[in-house]
Amino acid sequence: MPASTRIASLDPAACSRAVTSRDPRFDGVFFVGISTTRIYCRPVCPARVSYPERRTFFESAAAAERHGFRPCLRCRPELAPGRALCDAVPRVARAAAMRIAAGALNGRGVSDLAEDLGVGERQLRRAMERELGVSPLELAQTHRLLLAKCLLTDTSLPVTRVAFASGFQSLRRFNSVFRERYRMSPSVLRRRPRAGARAEAPGDTPGDWVRLALAYRAPLAWDALLRAIAADTPRGIGVVYGSRYGRTVAADRCRGVVFLEFAAERAQVMLDVSVSLLPALMPLLARMRHLLDLDAEPAIIDAHLAEHGLAALVARRRGLRVPGAFDGFEVALRQLLGPDLHRHVTEALGEPLATGFPALNRLSATADRVADAGAPLLSALGVPRGRSEALASLASMVARAAIHLEPGADLRSTLRSLTEIPGLGARSATAIAARALHWPDIFPSTGFSFQSAAGVTGRRALLRLAERWRPWRSYAAAHLSG
């Protein structure tokens with residue numbers, strides 16, 4: 001079997017040590033294919049460790065499947081946390097990979113994605129083959145199949161709904177690809193014991209919810225993450241029930257509710273999804289992973305920051321995450337308006353939504369709605385004139401896709417576009433980009449509180465120290481602000 005460049009880039013000795021020790025830090029960072037069974041596993045698979053000469057290592061599930069391996073039914077590669085791609089591959093391949101994971105090729109062609117990214121189709125194909133070792137269509141197919149495998153294993157959804165929720169355009173195509181790639185029919189997984197499919201959200205009814213697991217690399221500072229996310233969502237959009245967090249969701253043309261619950265013993269966050277959101281499940285899952293920063297590698301990040309002066313802060317909150325954004329424009333609203341005005345604008349411009357939960361009764365104000373309202377109405381809601389004009393301008397740009405506030409967008413061009421908006425300063429632009437693009441290496445402040453927490457005096461001293469925290473200055477800033 002010819003090895004791709006991505007296989008060759010892995011250190012077999014290091015990978016073998018990780019497999020032998022079942023080191024969870026490498027879960028999702030690579031996969032191991034076993035030549036005798038033609039199955040690929042996560043490094044943490046509980047099955048008996050194979051002989052080293054029978055192993056082939058891959059940097060992605062898509063690469064393993066390209067070489068004829070099918071996913072293990074025991075360790076379930078579809079549940080592995082993803083890999084943070086911010087510095088792993090060049091911008092075009094990174095942006096394409098993120099959008100494909102969110103369903104960008106479901107019902108659309110590679111040429112459409114290339115146009116969205118502002119590159120040629122051939123350039124996009126070459127970039128992904130070179131950097132990820134698979135074509136755009138192969139990567140999309142792997143995402144669809146692994147999601148389908150998860151739904152077949154963990155839910156009681158009809159196979160037809162599984163097929164369409166996974167991004168397939170027909171049941172016939174789904175059955176054909178599943179049998180071809182996995183050498184079994186979808187019904188085989190249905191004969192296996194299943195986890196409970198129904199959520200336990202307050203006041204639910206049978207059949208209204210689907211429960212899925214989002215894996216992460218431990219540790220995870222859940223309480224700190226929950227507080228940060230809850231503080232960002234105004235009343236009506238988000239609510240905390242004990243240790244659970246719920247929010248309203250608009251994804252594509254779908255409307256519904258999701259709930260999150262921490263399951264530390266399994267290193268998972270349980271996601272309860274109302275069935276109305278199933279047609280948009282793939283982009284929804286991608287958004288939730290970005291929001292919760294579940295693809296971070298905390299052991300590496302914590303060790304790096306502790307080694308460079310933040311040991312005491314890291315020890316207080318191990319596994320601290322930098323929350324991303326469920327919706328980039330929602331982050332911009334919060335940043336430009338503050339909590340009180342954000343709530344007022346949401347109540348005025350957010351679409352009402354009947355959910356069955358009194359605390360969750362509307363959607364966030366979209367860019368289209370804010371752009372249509374314009375600066376005069378925003379001012380009438382109490383938004384200062386300068387901010388209302390800046391927000392109306394930003395909403396118009398987002399609505400017509402002149403700027404993309406989402407992971408995978410180019411950081412420099414996004415910052416440049418934001419700072420060119422009159423009334424939107426560099427500090428606000430940086431804060432919006434850091435969250436919306438989920439960029440791990442932005443240091444948003446050099447204020448006195450940061451200086452004090454870092455144990456230095458003066459802006460220059462803090463910036464010199466911050467250079468040692470690259471490429472995870474956003475995590476350093478989260479520790480300093482806590």
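Between helix 426-436 and the chain there is an angle of about 30 degrees, using the helix long axis and the longest principal axis of the Cα atoms.
Within the assembled protein chains, the solvent-accessible surface assigned to Asp11 is about 80 Å², based on a 1.4 Å probe.
Protection proxy ranking of 338-344, 328-334, by the mean of other Cβ atoms within 10 Å over each peptide's residues and highest first, is 328-334, 338-344. Rolling a 1.4 Å probe over the protein heavy atoms gives the chain an accessible area of 43 Å² per residue. Among residues other than Leu465 whose Cβ falls under 13 Å from its Cβ, what is the net charge (Lys/Arg +1, Asp/Glu -1)? Net charge around Leu465: +4. Can you find, among Pro136, Ala380, Gly447, the residue sitting farthest towards the positive end of the charge dipole of the chain, where Lys and Arg contribute +1 and Asp and Glu -1 at Cβ? Going by the Cα projections, it comes out as Pro136. Phi angles across the stretch 171-185 convert, under the Karplus curve 6.51 cos²θ - 1.76 cosθ + 1.60 with θ = phi - 60°, into 3J(HN,Hα) values of 5, 4, 5, 4, 4, 5, 5, 4, 5, 5, 7, 9, 6, 7, 8 Hz, Gly and Pro given as x. These residues, Ser187, Ser60, Ser388, Ser21, go from largest to smallest accessible area, 1.4 Å probe, as Ser21, Ser187, Ser60, Ser388.
Per-residue Karplus couplings for the stretch 214-222, computed as 6.51 cos²θ - 1.76 cosθ + 1.60 with θ equal to phi - 60°, are listed in order as 10, 7, 8, 8, 6, x, 9, 7, 5 Hz, Gly and Pro entered as x. Based on alpha-carbon centroids, what's the gap between the stretch 153-181 and the stretch 280-306 in Å, whole number please? With the stretch 153-181 and the stretch 280-306 each reduced to a Cα centre, they are spaced 27 Å. Amide hydrogen proximity for Gly256: with H placed 1.01 Å from N in the peptide plane, the residues at 5 or more positions away or on another chain lying under 5 Å are Val249. On the protein heavy atoms, probe 1.4 angstrom, tell me the percent of accessible surface of the stretch 232-333 carried by carbon and sulfur. Ligands and nucleic acids excluded, carbon and sulfur reach 54 percent.
Where does the chain land at 222 nm, in deg cm²/dmol rounded to the nearest 500, when only DSSP H runs of n ≥ 4 count, each adding -39500 (n - 2.57), divided by all residues? The partial results should precede the final answer.
Working: 22 runs with 227 residues, N = 482.
So the calculated ellipticity at 222 nm is -14000 deg cm²/dmol.
Per-residue surface analysis assigns Ser449 an accessible area of about 80 Å², computed on protein heavy atoms at 1.4 Å probe radius.
Ordered from largest to smallest accessible area (heavy atoms of protein chains, 1.4 Å probe), the residues Met270, Met128 come out as Met270, Met128. The alpha carbon centroids of the stretch 127-152 and the stretch 386-407 are separated by 32 Å. For the chain, the dipole from Cβ point charges (+1 on Lys and Arg, -1 on Asp and Glu) about the Cα centre works out to 1200 debye, to the nearest 20.
Only protein atoms count toward the accessible area here, which uses a 1.4 Å probe; on the stretch 97-196, the carbon and sulfur part of that area reaches 49 percent. Of interest is the spacing of the C-alpha centroids, which for the stretch 429-475 and the stretch 320-336 amounts to 17 Å. Figure note: Thr142, Thr457, Thr56, Thr20 ranked by solvent-accessible area, largest first, 1.4 Å probe, ligands and nucleic acids not counted: Thr457, Thr20, Thr56, Thr142.
The values are calculated or read from the model by the stated rules, or taken from the named source; none is laboratory data. Only a predicted model underlies this, so the values are computations on that prediction, with no experimental measurement involved. Positions of Cβ are generated from backbone atoms using ideal geometry, with glycine treated the same way; all protein chains shown enter the neighbour counts. Each accessible area value is taken on the protein alone, full model and side chains, heavy atoms only, with ligands, DNA and RNA left out. Shrake-Rupley method; radii C 1.70, N 1.55, O 1.52, S 1.80 Å.
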